[in-house]
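The structure appears right after this line, and notes come after that.
The values are calculated or read from the model by the stated rules, or taken from the named source; none is laboratory data. Remember, predicted model here, so these are calculated numbers, not experimental data. Note that each Cβ is placed from the backbone with ideal geometry, even for glycine, and that neighbours are counted across all protein chains shown.
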Amino acid sequence: MAARPRSRSKRPAAKQRAAKFDAAFRGRLRDLLVWRRDVRRFRPEPLPRGALEALIELACLAPSVGLSEPWRFVVVEDAARRAAIRRNFEACNAQALAAQSRMRAARYARLKLAGLDEAPCHVAVFADRTTPQGHLLGRRTMPEMIEYSAVTAVHTIWLAARAQDIGMGWVSILDPREVATILDVPGHWKFIGYFCLGYPQAADDVPQLQRRKWDRRRRPDSFIVRR
């Protein structure tokens, strides 16, 4: 007589409970977006030990094309490299000032455009254009999606930092090739941005450039095109 096959117990698959976000949370999320600022003025005290690494961990939850995770974070602690970045900023900023119109030059000169001297943490973000991770999914026709993915990580860390009362400022007045040389990174890494992090001197829900009358925000519906 043939042996009966062993019956396998059928256990119901564990149901994963979806996160629920109520109206109160959505309101707080909007507050976070409104109060996120490009910070230039920092208090001198350092961040708690491990705080920067925890923020980077949250940044790695950002979406990326094909799950490629191309972001690369260079934490700049060396004083000589920081000084070289500072010199590069000064040179690029002088060129930017010279390019302003006569009407704009005085206003530009009064703007504080970097917190390099005060911020306790400096982080440069790069995108690894040649990463094999993701097997090129989604980037054969749009290879720039690698850089876009790294930018989503930047925005994620920016919001995560603000949620912990940590300020973050983007220093974009830099020469990308010189930054890559100063930080000694692989040649195929694309420079995304240089960021200062620390506790801000003050919080504000209005962008500095709007407060200094450099420009103003537009209505959201002015950016919508319907076809």
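Look at residue 203 and say whether it is more than 15 Å from residue 113 (Cβ to Cβ) and at pLDDT below 90. Working first, answer last.
Working: more than 15 Å from residue 113 (Cβ to Cβ): yes; at pLDDT below 90: yes.
Yes.
Specify the residue that is nearest to residue 36 (Cα to Cα); the eligible residues are those in the range 204-227 that are surrounded by 10 or more Cβ atoms within 10 Å (Cβ to Cβ) and hydrophobic (A, V, I, L, M, F, W, C).
Residue satisfying both the conditions and the ranking: 206.
Hey, does the range 139-160 have a residue that's small (Gly, Ala, Ser) and more than 16 Å from residue 71 (Cβ to Cβ)? Outline the logic, then answer.
Applying the first criterion (small (Gly, Ala, Ser)) to the range 139-160 yields 149-150, 153, 160.
Add one more test, that the residue is more than 16 Å from residue 71 (Cβ to Cβ), and what stays is none.
For the range 139-160, residues small (Gly, Ala, Ser) and more than 16 Å from residue 71 (Cβ to Cβ): absent.
Quick one: in the range 61-72, which of the residues that are buried (at least 17 other Cβ atoms within 10 Å of the Cβ) and of a type outside the set (A, V, I, L, M) is nearest to residue 148 (Cα to Cα)?
Restricting attention to the range 61-72, the residues satisfying the condition of being buried (at least 17 other Cβ atoms within 10 Å of the Cβ) are 62, 64-66, 68-72.
Keeping just the survivors that are of a type outside the set (A, V, I, L, M) gives 64, 66, 68-72.
Numbers: 64: 8, 66: 12, 68: 11, 69: 11, 70: 10, 71: 10, 72: 13 Å.
The extreme case among them is 64.
Which ranges mark the helices (runs of 4 or more DSSP H) fully within the range 42-131 that have 2 or more residues being in contact with a Lys or Arg (Cβ under 9 Å, 6 or more places away or on another chain)?
Details: elements: 51-59, 79-98, 102-110.
Helices (runs of 4 or more DSSP H) meeting the threshold: 102-110.
Could you figure out which of (1) modelled with pLDDT of 95 or more; (2) farther than 22 Å from residue 91 by Cβ isn't true of residue 191?
So residue 191 meets the others, but not (2).
Counting just the residues of the range 73-96 that are more than 13 Å from residue 179 (Cβ to Cβ) and in contact (Cβ under 8 Å) with a residue 40 or more places away in the chain, which one comes out surrounded by the fewest Cβ atoms within 10 Å (Cβ to Cβ)?
Within the range 73-96, the match that is surrounded by the fewest Cβ atoms within 10 Å (Cβ to Cβ) is 77.
For the range 97-135, how many residues meet the condition of being touching a residue at least 12 places away in the same chain (Cβ under 8 Å), over 24 Å from residue 155 (Cβ atoms) and more than 21 Å from the chain's Cα centre (by Cα)? Spell out the reasoning first.
Initial filter on the range 97-135 (touching a residue at least 12 places away in the same chain (Cβ under 8 Å)): 97, 107-131, 133-135.
Checking the rest, the ones that are also over 24 Å from residue 155 (Cβ atoms) come to 97, 107-110, 117, 135.
So of that shortlist, the ones also more than 21 Å from the chain's Cα centre (by Cα) come out as 97, 107-110, 135.
Here the count works out to 6.
Just one of (1) surrounded by fewer than 16 Cβ atoms within 10 Å (Cβ to Cβ); (2) more than 24 Å from residue 205 (Cα to Cα); (3) modelled with pLDDT of 95 or more trips up residue 131, so point out which.
Single failed check for residue 131: (1).
Of the residues 144, 178, only one is among the charged types (D, E, K, R), surrounded by 12 or more Cβ atoms within 10 Å (Cβ to Cβ) and without any contact (Cβ under 8 Å) to a residue 40 or more places away in the chain; which? Break it down stepwise before answering.
Values: 178 fails: without any contact (Cβ under 8 Å) to a residue 40 or more places away in the chain.
Matching residue, one of 144, 178: 144.
Tell me, please, whether a residue that is more than 29 Å from residue 87 (Cβ to Cβ), in contact with a Pro (Cβ under 8 Å, 6 or more places away or on another chain) and either surrounded by 14 or more Cβ atoms within 10 Å (Cβ to Cβ) or aromatic (Phe, Trp, Tyr) (or both) can be found in the range 114-128. Spell out how you get there, then give the answer.
From the range 114-128, those more than 29 Å from residue 87 (Cβ to Cβ) are none; that's our starting set.
Looking for residues that are more than 29 Å from residue 87 (Cβ to Cβ), in contact with a Pro (Cβ under 8 Å, 6 or more places away or on another chain) and either surrounded by 14 or more Cβ atoms within 10 Å (Cβ to Cβ) or aromatic (Phe, Trp, Tyr) (or both), one finds none in the range 114-128, hence no.
If residue 21 satisfies every condition in (1) part of a loop (DSSP other than H, G, I, E, B); (2) modelled with pLDDT of 95 or more but one, which is the exception?
Looking at each condition in turn, residue 21 falls short on (2).
If I go through the range 199-222 residue by residue, how many of them are touching an Asp or Glu at 6+ places or on another chain (Cβ under 7 Å) and either among the aliphatic types (A, V, I, L, M) or free of Cβ contacts under 8 Å to residues at least 40 places away in the same chain (or both)?
Summing the residues that are touching an Asp or Glu at 6+ places or on another chain (Cβ under 7 Å) and either among the aliphatic types (A, V, I, L, M) or free of Cβ contacts under 8 Å to residues at least 40 places away in the same chain (or both) in the range 199-222 gives 1.
Restricting attention to the range 158-186, and to residues there that are part of a strand (DSSP E or B) and of a type in the set (A, V, I, L, M), which single residue is nearest to residue 82 (Cα to Cα)?
Filtering the range 158-186 down to residues part of a strand (DSSP E or B) leaves 167-171.
Then keep just the ones that are of a type in the set (A, V, I, L, M); that gives 168, 171.
On the way: 168: 17, 171: 13 Å.
Selected residue: 171.
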